[in-house]
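A short reminder: the numbers here are calculations on the coordinates, not readings from a lab. What you see is a predicted model, and the numbers here were worked out from it, not measured in a lab. Cβ placement follows ideal geometry from the backbone for every residue including glycine, while neighbour counts extend to all protein chains displayed.
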Ligand code: HEM
Ligand code: SF4
Ligand code: FES
C-alpha cells in the first residue's frame, strides 16, 4: 500500500509546530497503525532525519498510552479500538492520512504527537481510591455481597484506560466521560460509597481546574471511546454531584 | 450557591433547567397562538387576559424574560469556555463522524433564535408597551387577532418566522432530551424521552410555521 501521510511535527512544547508530508510505500494491511509509523521512523532514521515521536506501550489496547487524531477522529475510523489495534487494512492504497496529536488546552503537546495527559492523573489522585484498613485485618472484598448488575456496571466503568480519546473527540474538549467512569467505578460499589460525596466533588473540581470544557451531551466521546464507556456514567456523575451539593 | 455555578456540572444544570422552562413556555405559547386559527374569539379573550392580568404581566413575564436571559447568557459563557478548552484547533476534525449536526451547533441555532426573539419582542412586546403605557390607549379586548394577522402581511416577516422556527426545531431536537442527561436522568425512560423530544421538536415549530403561513395567506381585508 502507498500512502501520503500528513503528520504534525513540533520540536518541543514551546515551538509552534506544523503539518509535514511524508509519502510512504510498502505498507501491509495486516500492520497496525503504530507499525506503519515504525516503518516510517526507520526510513527517517536511515535518512538521518528526526523520527516522529508518538506514545505507545502495551500495543494491545490495555495501557491507554497510544493516542493520535487520525483523519479527524481519535484512534482513527475504526470503533472500539485503540490506535495500536487499528489495522492498516482500514485504509486504501493512495489514501492521504492526517495524523495530529489529541488537542486540548489541558493536554499540551510535548513533542510531535506526544501529549502530556497528567491532568488525568491529577483527577484520579484527588478521588480515585477507597480507604481501607490494611493493617492486617483487611476484609475480603467478597465478604460484602454486591448485586450482579451493579458489579458489572462498575466493572465496565473500570475498563476505562485513560487514553483521552473522549476529550480529543469532544468539540468542547470535555473530560466528563473519563471523570464519570472513574467516579462511577467506585460510586456503584458499597466500598466506594464511604467517600462518594467527597470524591465526586473533588474530581469534578479538579477536572474544571485543569481547563477541560463543559459537556454539551453531543455523545462524541461514547462513540470514539475504545472501551465503549457509556454516557450513562456521565448522567450518574451528574446525579452524584447534584446530590452531594444538595446535601451541602 | 455561587460556588455551585462555578462548576461545569452546575452550569449544565442551569442550562437544562432554563431550557426546559422555555420548552414548557413554548408549548403554552403555542396553545394560545393556535386559537388564532381555530377560534379567533378565544384568541382575543386569552390574549387580553395575558396582556392585562397582573400575575402574568408583573410576575410570570419577568420570570420568562429572566429565564431567556439566563439561558442565552449561560449558553454564550459555555461556548467561550469550550473554545478556550481547545485553544489550538485540529487541522482536520471529523465532527460529523461521531455526533449530530444539531448537537454540535447549539450556539448557532440558539443565536438565530435569539435574533428572532429580538424581532419578536419588537413586534409584540414593544408594541404592547406602547399601546398600554405610552400612547395609553383604552383597553380593547377584540384588537389582538387583527393586529396579529396584520403582522404577517409582509413576506419578509413571514419568511423570517419560518426560518427561525426551523432553527428552533434543530435546537430542540438535541436540547430537549439533552437537558435530561444534564440533570442526571439516563435510565429506562430515556428512549421514550428521546422519542418525545423528536415529536415535540418537529410538531411545535411546525405548528408555529403553519400559523404564520395561515395568517400570511389569509389576510384580513376590510
Ligand atoms: C425559546 C427558545 C429556546 C428554547 C426552548 C431552548 C431550549 C434549550 C434546551 C432544552 C437546551 C438543552 C439544555 C441541556 O443540554 O442541558 C438548550 C441548550 C442550549 N441553548 Fe437553548 N433554547 C432556546 C433559546 C436559546 C437561545 C436564544 C440561545 C442563544 C444563545 C440558546 C443557546 C443554547 C445553547 C448554546 C445550548 C447548548 C448547551 C448544551 O447543550 O449544553 N438557546 N436550549
Ligand atoms: S472514557 Fe474511554 S475514551 Fe475516555 S479516557 Fe477512558 S477509555 Fe479513553
Ligand atoms: S499502546 Fe497500550 S493501548 Fe495502545
Ranking B:35, A:96, A:179 by Cβ neighbours within 10 Å, fewest first, what do you get? A:96, B:35, A:179
By how many degrees, 0 to 90 and rounded to 10, does the Cα axis of helix B:8-38 deviate from the longest principal axis of chain B? 30 degrees
Semi-axes a, b, c in Å (a largest) for chain A, each sqrt of 5 times a Cα gyration tensor eigenvalue, come to 38, 19, 16
Value at 222 nm in deg cm²/dmol, rounded to 500, when DSSP H runs of n ≥ 4 in the protein assembly as shown each add -39,500 (n - 2.57): -16500 deg cm²/dmol
Neighbour-count order for B:109, A:216, fewest beta carbons within 10 angstrom listed first: B:109, A:216
Value of relative contact order over the stretch A:1-78, rounded to a whole percent, pairs C-alpha under 8 Å and six or more apart: 17 percent
Quick check: the angle from helix A:176-187's long axis to the longest principal axis of chain A, C-alpha only, nearest 10 degrees? 40 degrees
Which of the three applies to chain B, rounded, prolate or oblate, going by the alpha-carbon gyration tensor with a ≥ b ≥ c and a/c under 1.5 meaning rounded? prolate
Between helix A:232-247 and chain A: long-axis angle, C-alpha atoms, 0 to 90°, nearest 10: 40 degrees
In the stretch A:117-247, how does Rg compare with the Kirkwood Rh, expressed as the Rg/Rh ratio over alpha carbon atoms? 0.98
Inter-centroid distance (Cα atoms) of the stretch A:1-59 relative to the stretch A:94-141, Å: 24 Å
What is the distance, in nm, between label points placed 7 Å from the Cα along the Cα-to-Cβ direction at residue A:21 and at residue B:63? 6.4 nm
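Taking the beta-carbon count within 10 Å as an exposure proxy, list B:103, B:8 from fewest neighbours to most.
Ordered from fewest to most neighbouring Cβ atoms within 10 Å, B:103, B:8 come out as B:103, B:8.
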Which log10 I(q)/I(0) values, to two decimals, does the stretch B:112-161 give at q = 0.14, 0.25 Å⁻¹ under the Debye formula with one point per Cα? -0.41, -1.02
Given Cα pairs under 8 Å that are at least 6 residues apart, what percent is the relative contact order of chain A? 20 percent
Applying the gyration tensor rule to the Cα atoms of the protein assembly as shown (axes a ≥ b ≥ c; rounded if a/c under 1.5, else prolate if a/b exceeds b/c, else oblate), the class is prolate
Within the stretch A:186-205, list the residues whose amide N lies under 18 Å from a label point set 7 Å along Cα→Cβ of residue A:141. A:186-196
Please work out the C-alpha center-to-center distance from the stretch B:14-57 to the stretch A:171-248 and express it in whole Å. 38 Å
Once the convex hull of the C-alpha atoms of the stretch A:3-111 is built, how many Å³ does it hold per residue, rounded to a whole number? 106 Å³
Using only the alpha-carbon atoms of the stretch B:1-106 as identical scatterers, what base-10 log of I(q)/I(0) does the Debye formula give at q = 0.09, 0.14 Å⁻¹? -0.40, -0.77
Report the relative contact order of chain B, percent, no decimals, based on alpha-carbon pairs under 8 angstrom and at least 6 residues apart. 33 percent
